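What follows is one structure encoded as structure tokens, with my remarks underneath.
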Amino acid sequence: FLSHVNLDVINNFVCTFAFPFVLQSSNLCTSGRGGVGTCRGDSGGPLVVTRNNRPILIGITSFGSGLGCQVNLPAAYAR
């Protein structure tokens, strides 16, 4: 189970290559670089940034690649 991981948010244009016809402007993506990211069962979990030592919710885990979570592919979140 995912406890926490540091992820890079990427541009939706880049993410569209992984999820053509599925990604919406209401989504944002993380890179999956290095084989780290969300996995099956993580849906509904928070995507949080820290600003001024305060956590800010920027997304809710939504979907990822059907190939699995450690394949260096992006994951998508609801904004």
For this session: Give the residues of the stretch 33-50 that are charged (D, E, K, R) and closer than 20 Å to ASN11 by Cβ, sorted by residue number.
Result: ARG33
For this session: Mind checking which strands (runs of 3 or more DSSP E) fall wholly inside the chain and carry at least 3 residues that are free of Cβ contacts under 8 Å to residues at least 12 places away in the same chain?
Result: 46-51, 54-64
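Which residues, counting only those in the stretch 15-32, are more than 11 Å from the chain's Cα centre (by Cα) and closer than 14 Å to SER65 by Cβ? Before you say what the answer is, go through the steps one by one.
Applying the first criterion (more than 11 Å from the chain's Cα centre (by Cα)) to the stretch 15-32 yields 16-26.
Matches in the stretch 15-32: THR16, PHE17, ALA18, PHE19, PRO20, VAL22, LEU23.
Every number here is computed from the coordinates shown, using simple stated rules; none is lab data. If you're wondering where the values come from, they're calculated on a predicted model, not measured in any experiment. Cβ: placed from backbone, ideal geometry, glycine included. Neighbour counts: every protein chain shown.
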